[in-house]
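The values are calculated or read from the model by the stated rules, or taken from the named source; none is laboratory data. On a predicted model such as this, the values are computed, not experimentally measured, just so you know. Here the Cβ positions follow ideal geometry from the backbone for every residue, glycine too, while neighbour counts run over all protein chains shown. We work out accessible area using only protein heavy atoms, side chains counted, and drop any ligands, DNA or RNA first. Shrake-Rupley method; radii C 1.70, N 1.55, O 1.52, S 1.80 Å.
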Amino acid sequence: MSVTSPANPSASSLLSFDKSAETIRTNSQWIAGGVNSNFRLNIAPTPLVFERGEGPYLFDVDGNKLIDYYLGMGPMILGHKPKALVDAVKSQIDSGILFAGQTAIEAEAARLVCQMVPSAERMRFGSSGSEVDQAALRLARAATGRTKVIKFEGHYHGWFDNVLWSTAPSVDAAGPADAPVPVIGSKGQLPSTADDLVVLPWNDLAILEARLSQGDIAAVIMEAAMCNQGSIHPAAGYLEGVREACTKTGTILIFDEVITGFRLAAGGAQEKFGVTPDLSTFGKAIANGFPVAAIAGRADLMDMFVSGGVVHGGTYNAQPIAMAATVATLKSLTPDLYERVGKSGTQLMEGFKAVFARHDVKASVAGFGQVFHVALGLEQPARNYRDLARMNRPAYVALTTALMHRGVRALERGAWFVSSEHSSDVIEATIDAMDGAVRELKTKGTL
Ligand SMILES: Cc1ncc(COP(=O)(O)O)c(C=O)c1O
């Protein structure tokens, strides 16, 4: 294994990010914090400023070429700048920009979603995962006449008031593991939104069944594989049990597939695990980086937008250029592509496991080839948020920082997204970089 690859330079040639840091400082005059999302703040050594992306790489203002595993926080399953998508978008833009009316390209995109997603009898497009999750909750409340919703600790369903609860709570504030208390996510958030929210531990069927049996829950919303935090498989039989309990109690089951959709499989987690929700939501990989989201599901529920008095809007819904990107993306998502991405991701996971074993570092590397998670300090893959909360976060941030200096950009929360452009060579270079980063942190006593 080479230790002099571009991703694993000698200590004297570690990458620096001074120009990014300086640009962020300058831009903070106009942009709050120099970034346009709180989730891009406080990145070590600095939030980065990019000039372009190509395949598995990003190129920043310091002249660095980075192997990218953020992949836009998940969307870029085809990598940066895939030719078919770029060509489709260029060609669509010649027809105009926004019509506040219907187009053939949006119908084609919708038909593809309905063909690919098992539960999608009908669908609607939106612009972000946060807003389609709201649409799903509204539909569920209208359909059941109930107000309360169950969400799970550690699951993320967007940044709006009624769901930004217990997404990454401090365990000290979160109450007992089997009866968590809702922990608010932001100052300024309406505390009363917790009145209609029940937060439960995920992957525990008995606790969910007991709460559902009270018969007052409109919807259960979950990431069917918990991928925003961790990359956690549902326990054997869990999703099937949840499906049955929801059906028995007249509760709408919503799978938030904003990460898993079009990433774990063409039909998302529901295809992979063979469990069909009533409604599901999509975003991210549906359009490989264009601002597209979708809600899909049972026709009787979706038709409540038409004749059931339920409102859903959005100026940019089904924006034609974004729809061209959607069609181009969905047509690229072949079985061969999933096999390739899965294989690359598995190669990377196995490579990391070997590095950690070689350096005697306790770590869990778990999940799927297409998206997995590295948790330092865990012996076993996590089963839920409380397990995950035991990971050594400061050491992991030190690890991602050491990786950045070796030309690998990975999320500080532990997630690794893989694209069809991450070839075997790129994966090997990443494993080399991990070896170098672990070696450095071992020497410093951080690991
Ligand atoms: C599972 C899940 N649901 C919803 C969202 C919100 O999507 P968006 O950021 O597009 O609003 C995210 C974003 O990361 C997510 O991971």
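Some points to look at:
- Condition met for Ala219 (under 19 Å from Ala136 (Cα atoms), touching a His at 6+ places or on another chain (Cβ under 7 Å) and within 16 Å of the ligand (Cβ to nearest atom)): no
- For region 1-34, a residue qualifies if it is at pLDDT 95 or above, closer than 19 Å to Tyr69 by Cα and either within 16 Å of the ligand (Cβ to nearest atom) or open to solvent by less than 50 Å² (accessible area, probe 1.4 Å) (or both), and the qualifying residues are Leu15, Phe17, Ser20.
- Close pairs from region 267-294: first more than 17 Å from Tyr316 (Cβ to Cβ), partner acidic (Asp, Glu) and surrounded by fewer than 24 Cβ atoms within 10 Å (Cβ to Cβ), Cβ under 9 Å, at least 6 apart: Phe273/Glu240; Gly274/Glu240; Val275/Glu240
- Screening region 120-135 for residues that are acidic (Asp, Glu) and within 16 Å of the ligand (Cβ to nearest atom) and picking the one that is least open to solvent (accessible area, probe 1.4 Å) gives Asp133.
- Unmet requirement for Asp196, which otherwise passes all of (1) within 15 Å of the ligand (Cβ to nearest atom); (2) closer than 21 Å to Ala135 by Cα: (1)
Residue-by-condition table, conditions (1) of a type outside the set (Val, Ile, Thr); (2) at pLDDT below 95:
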| residue | (1), (2) |
| --- | --- |
| Asn42 | yes, yes |
| Leu48 | yes, no |
| Tyr70 | yes, no |
| Gly79 | yes, no |
| Leu85 | yes, no |
| Val89 | no, no |
| Ala107 | yes, no |
| Gly126 | yes, no |
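- Criterion (modelled with pLDDT under 95 and farther than 29 Å from Gly145 by Cβ) met by exactly one of Gly237, Gly230: Gly230
- Residue selected from region 247-261 under the condition more than 13 Å from the ligand (Cβ to nearest atom) and out of contact with any Pro (no Cβ under 7 Å at 6 or more places or on another chain), by the criterion nearest to Gly297 (Cα to Cα): Ile252
- Considering each residue of region 57-67 in turn, none proves to be free of Cβ contacts under 8 Å to residues at least 24 places away in the same chain, among the charged types (D, E, K, R) and farther than 29 Å from Cys227 by Cα.
- Filter result (buried (at least 24 other Cβ atoms within 10 Å of the Cβ) and touching a helix residue (DSSP H, G or I) at 6+ places or on another chain (Cβ under 6 Å)) within region 383-401: Leu399
- Arg138 passes every criterion in (1) open to solvent by less than 50 Å² (accessible area, probe 1.4 Å); (2) in a helix (DSSP H, G or I) apart from (1).
- All positions within region 24-51 that are within 18 Å of Met404 (Cα to Cα) and in contact (Cβ under 8 Å) with a residue 12 or more places away in the chain: Ile24, Phe39, Ile43, Ala44, Pro45, Thr46, Pro47, Leu48, Val49
- For region 96-109, a residue qualifies if it is open to solvent by 20 Å² or more (accessible area, probe 1.4 Å) and assigned to a helix (DSSP H, G or I), and the qualifying residues are Ala104, Ile105, Glu106, Ala107, Glu108.
- Residue match in region 250-263 (condition: surrounded by fewer than 20 Cβ atoms within 10 Å (Cβ to Cβ), in contact (Cβ under 8 Å) with a residue 12 or more places away in the chain and touching a helix residue (DSSP H, G or I) at 6+ places or on another chain (Cβ under 8 Å)): yes
- When Lys272, Lys284 are checked against the criterion of being open to solvent by 40 Å² or more (accessible area, probe 1.4 Å) and within 11 Å of the ligand (Cβ to nearest atom), Lys284 stands alone in meeting it.
- Looking only at region 287-298, and only at residues there that are hydrophobic (A, V, I, L, M, F, W, C) and within 14 Å of the ligand (Cβ to nearest atom), the one that is farthest from Gly53 (Cα to Cα): Ile295
- Just one residue in the set Ser344, Ser332, Ser307 is away from the ligand (no atom under 16 Å from the Cβ) and out of contact with any helix residue (DSSP H, G or I) (no Cβ under 7 Å at 6 or more places or on another chain); that residue is Ser307.
Condition check ((1) assigned by TED's automatic domain parsing to the domain that holds Trp159; (2) crowded, with 21+ Cβ neighbours inside 10 Å; (3) away from the ligand (no atom under 16 Å from the Cβ)) across all residues:
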residue: Asn38; (1), (2), (3): no, no, no
residue: Gly53; (1), (2), (3): no, no, yes
residue: Pro56; (1), (2), (3): no, yes, yes
residue: Val61; (1), (2), (3): no, no, yes
residue: Leu71; (1), (2), (3): no, yes, no
